[in-house]
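Below is one structure, written out as structure tokens; the observations come after it.
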Amino acid sequence: MGRVYNFSAGPAVLPEEVLKEAAEEMLDYRGTGMSVMEMSHRSKAFETIIEEAEQDLRDLMNIPDNYKVLFLQGGAHLQFSAIPQNLMKNGVADYIITGQWAKKAFKEAQKYGKAVAVASSEDKTFSYIPDCSDLPIDDDADYVYICENNTIYGTKYKTLPNTKGKTLVADISSCFLSEPVDVTKYGLLYGGAQKNVGPAGVVIVIIREDLITEDVLPGTPTICQYKVQADAKSLYNTPPCYGIYICGKVFKWLKKRGGLEAMKEYNEKKAKILYDFLDQSKLFKGTVAKEDRSLMNVPFVTGDKDLDAEFVKEATAAGFVNLKGHRTVGGMRASIYNAMPMEGVEKLVEFMKKFEEAHQ
Ligand code: PMP
């Protein structure tokens with residue numbers, strides 16, 4: 001069996017070109033006589049890798065000079081703690097709860113100060129994005145926190161919340177580099193790499209310089225301090241070197257494909273194929289509010305648990321893998337990140353049509 005169509009929510013499909021290039025460079029990275037996995041993070045070769053990765057990311061996202069880019073470890077989860085540890089100067093933060101990841105971040109923040117849930121869509125199993133135009137933002141809030149794309153539920157903010165002048169902090173793990181973003185609207189954006197950007201083990205934090213201070217909560221671990229990491233250019237301790245190298249290759253791949261405008265166009269076309277099918281299907285249906293649909297994660301159900309399981313089983317046998325919905329919600333979910341080709345979605349829809357015909 002060759003490569004399958006991998007609809008995993010993360011770790012997820014990576015561009016074949018990137019994987020092939022990495023394979024070619026595995027034994028001898030550009031004349032160094034070793035793989036990137038084996039070289040010092042303080043070597044010239046690695047310095048070039050991380051510097052180029054940062055520059056390419058800056059170019060892709062149009063990151064202003066007054067923002068730092070940090071390549072860190074600990075996944076998105078460590079940032080659930082690091083964000084309040086570094087940013088809760090008044091000890092208050094407002095959270096918008098649109099899914100499990102926002103909720104986990106909120107719960108973690110409660111350990112460090114007064115974290116307040118100012119809106120939530122839990123009443124309808126997180127199937128929509130709440131109206132965030134006039135929230136009761138606390139006057140003392142150090143930041144307003146969102147999870148911009150909700151991987152499990154398949155929703156995405158189409159308009160950013162009105163933070164009433166407070167710093168916006170966003171988890172962009174599952175929409176990272178899927179479309180252009182105006183970095184200036186955020187104080188901090190971050191995401192785990194393992195969906196759209198690279199392998200697990202790297203988390204990228206993009207943070208405005210004025211938020212980077214020595215004034216952090218007592219007891220904040222040194223490696224969680226943005227000031228320490230920024231001063232050391234992400235090399236305070238050994239970074240996830242190989243992961244950063246792969247991220248760098250994905251950035252170059254994205255640049256070659258025309259950058260984030262081109263990716264957005266491609267992703268919109270790709271998602272439309274699946275959503276259009278779901279909207280007219282008599283068997284399958286999407287589970288979230290149409291206006292809040294994610295371009296990256298598409299959950300759907302048949303309405304019958306046994307049939308869902310049968311679909312996942314048959315799809316897997318046909319080479320469409322990892323379509324099972326998150327363990328907490330059931331049904332199906334197709335994650336169609338940047339590296340999922342159009343053809344993968346077209347073929348999935350063909351397969352779904354046949355399944356539907358066979359189960360009328
Ligand atoms: N945020 C979002 C939006 C996610 O989808 C995930 C995980 N898939 C996480 C946070 C948690 O990421 P990690 O496992 O890297 O901590």
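Read-outs throughout are calculated quantities, based only on the coordinates presented, and are distinct from any laboratory measurement. The structure displayed is predicted, hence computed values, not measured ones. Reconstructed Cβ throughout: ideal geometry from the backbone, glycine too, with neighbour counts over all protein chains shown.
For a protection proxy built on the mean count of beta-carbon atoms within 10 angstrom, sort 300-307, 338-345 highest first, please. Present the calculation step by step, with values, prior to reporting the outcome.
Values: 300-307: 15.2, 338-345: 19.0.
Put in order of decreasing packing, that is 338-345, 300-307.
Write down the percent of antiparallel bridges among all DSSP beta bridges whose residues are both part of the chain, to the nearest 5. Display every interim value, and only then the final one.
Details: 21 of 38 bridges.
Here the antiparallel bridges make up roughly 55 percent for the chain.
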Using label points projected 7 Å from each Cα along Cα→Cβ, tell me how many nm separate Glu47 and Glu261, to one decimal.
3.6 nm
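Count charges around Val216 for me, please; just the other residues with Cβ under 13 Å from its Cβ, Lys/Arg as +1, Asp/Glu as -1. Don't skip to the answer; put the middle values down first.
On the way: positive: Lys89, Lys227; negative: Asp142, Glu214, Asp215.
Summing Lys and Arg as +1 and Asp and Glu as -1 gives -1.
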Which aspartates and glutamates does Lys324 reach when only Cα atoms under 13 Å apart count, and residues fewer than 8 places away in its own chain are ignored?
Asp306, Asp308, Glu310, Glu314
Can you tell me the FRET efficiency between Lys353 and Glu291 if r is taken as the Cβ-Cβ distance and R0 is 41 Å, rounded to the nearest 0.05?
0.95
So if R0 is 51 Å, what FRET efficiency would Glu214 and Met342 give, r being the distance between their Cβ atoms, rounded to the nearest 0.05?
0.60
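Output the relative contact order of the range 17-256, whole-number percent, from Cα pairs under 8 angstrom with separation of 6+ residues.
Values: 434 pairs, mean separation 63.5, N = 240.
Once divided by the residue count of the range 17-256, the mean separation gives 26 percent.
If you filter the range 32-117 for trypsin sites (Lys or Arg not before Pro), then keep DSSP loop positions with at most 14 other Cβ within 10 Å, what is left? Provide the component values of the computation, followed by the final result.
Working: sites: Arg42, Lys44, Arg58, Lys68, Lys89, Lys103, Lys104, Lys107, Lys111, Lys114; in loops: Arg42, Lys89, Lys111.
When the trypsin sites (Lys or Arg not before Pro) of the range 32-117 are filtered for loop state and at most 14 Cβ neighbours within 10 Å, Arg42, Lys111 remain.
Could you tell me the relative contact order of the range 285-351? Use alpha-carbon pairs under 8 Å, at least six residues apart, and round to a whole percent. Before the final figure, lay out the partial values.
Working: 66 pairs, mean separation 20.8, N = 67.
The normalised contact order for the range 285-351 reaches 31 percent.
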For the chain, taking Cα atoms only, what is the radius of gyration to one decimal and the Dmax to the nearest whole Å?
20.8, 63
At 7 Å along the Cα-to-beta-carbon direction for both Ile223 and Lys114, put a label point, then send me their distance in nm to one decimal.
3.4 nm
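Would you kindly state how much longer the chain becomes between Asp140 and Lys185 on full extension, computed as 0.36 nm times their sequence separation minus their alpha carbon distance, in nm to one decimal?
Working: separation 45, 0.36 × 45 = 16.20 nm, distance 1.94 nm.
That works out to 14.3 nm of additional length.
Counting other C-beta atoms within 10 Å, and keeping those with at most 11, which DSSP coil trypsin sites (Lys or Arg not before Pro) do you find in the range 127-220?
Passing both the DSSP loop test and the Cβ count: Lys158.
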